Amino acid sequence: MKKYLLLLGADQFLRERSYSGGKSINSDQIWTAIKDAKYKYNAYFDFCIDASPLNYEELKSEIEYYKTLGYEPKSIVPLNDWTLKVANKLNKEYGLPYLEENVVNACRNKNVMKSIFNLAKIPTPKSAPFNNKIQLQELMKEFEFPVIIKPLEFGGSGGVYLANNENECVDAYNKSREIMCKYADTFKVSKNIFLIEGFIDSDDEVSVEVLCSNDINTVITITEKYLSPKPWFTEMGHVVPSHRYKDKNIKNLAMQSCEALGINRGVAHVEIKIKGNELFVIEVAARPGGDAIMDLIESAYNINPYQLHIASYINNKDELPEIFTPHKTAAIAFMKAPKGKITKINFPDVSKDKAIKRIGLLKNIGDRVNEPENWSDREGLIEFVWHKIPIIKEYKHINKANQLSNEIFECSEINDE
């Protein structure tokens, strides 16, 4: 039998380097899964099976078919939240390394996650689940405003809103429901259960990328996060490493969080709010961080974290450095065009700006520019690389992105009347 690595979610935007990570481990073929693959075939991969990466039955059927042709999976590796359950269920069925079902559920269900944190005495904002307006109105009595309203199982800041009073709370719930009605079926997540959560009033937030195993958890890096203005929480930029990358308290809290949830395989993504000397774990995901954070790590550390993630799913025992050391600083900033309708796109000359690695445009002429509510409201991205390691929180990537956004996108006002 010929072996292949099946990377689920590898064709997702900003996860392209997962192919390189898998290919660098050994000579096995690298496959991915795409629904209607013949129309959407991604030639970067050695093969694309025709199945939704979120559909267990479709994937199993295709895997069984290709077994008859002499191919079998060496591992089925999840690369995003949506593929966690199906990948680990398939791995278990085929006798391959996997995450336990209760671990996957804890990392997808924010209410279960918070309960585990509370039992483990891991600091996290107070929260409670609800599924209708009446329950929300009762729960409001137990919280101090402002609060956060968010979906139970979604990500990418989708459906996450700040509410300063009861009316805003109900309004936030209604808007969050609209988001889930739009996306829940596609991503196979709950559309009816939400959380009310205490708000940590701070603009300082990091994510910690943790390499997990049965023996010991190791922090790869700490990423500084830059959020859109309140009342939204869209991530508008990241810097790797954060100027806090040596902070032992942040590292230890991230590793303890992964241990409490039982994550013993792969790269995990831990989001932590910082308020003065206090740290609060917001969420943990049992998969690599998105928004090209893995690409930034590769640029700054000269390692491909996807390789580490995939290797842990095939029990690869390569020796790792005791401490991951950055050699450069890498950053990404997402562009926001002036609000309105895009009427023209310019291409200013950036050839002499050595810090800019690449620019990607996500919107076209005629598209509407909205407020930065979630990942879908970004007009473009810019990646940067600098040779100095940061010692303070800097905004030069954000400022440059704002400048270029105004130069690249010309917009007209929209009359909604």
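Where a number appears in this text, it was derived from the coordinates with a stated rule and is not lab data. Because the structure is predicted, anything quoted here is derived from the model rather than measured. Here Cβ is always computed from backbone atoms with ideal geometry, including for glycine, and neighbour counts include all displayed protein chains.
The figures follow:
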item: Cα gyration tensor shape of segment 88-195, rounded if a/c is under 1.5, else prolate or oblate by comparing a/b with b/c; result: oblate
item: Computed [θ] at 222 nm, deg cm²/dmol, the chain (DSSP H ≥ 4; -39,500 (n - 2.57); rounded to nearest 500); result: -9000 deg cm²/dmol
item: Alpha-carbon centroid distance for the pair segment 52-107 / segment 242-314, whole angstrom; result: 23 Å
item: Restraint check, K126/K336; K150/K357; K251/K388; K40/K388, Cα-Cα greater than 29 Å; result: K126/K336; K150/K357; K40/K388
item: Under 12 Å from K114, Cα to Cα: aspartates and glutamates that are on another chain or at least 8 residues apart; result: E197, E283
item: Shape category assigned to segment 205-309 from the gyration tensor of Cα positions, a/c cut at 1.5; result: oblate
item: Rough spin-label spacing in nm, given labels placed 7 Å along Cα→Cβ, for I365 and K328; result: 3.5 nm
item: Residues of type aspartates and glutamates that K225 reaches as a straight line, Cα spacing below 13 Å, ignoring anything fewer than 8 places off in the same chain; result: D203, D204, E205, E209, E235, E271, D291, E394
item: Long pairs among K273/K396; K273/K341; K3/K89; K121/K273; K363/K400; K38/K175, criterion Cα-Cα beyond 28 Å; result: K273/K341; K38/K175
item: Prolate/oblate/rounded label for segment 83-141 (Cα gyration tensor, a/c 1.5); result: oblate
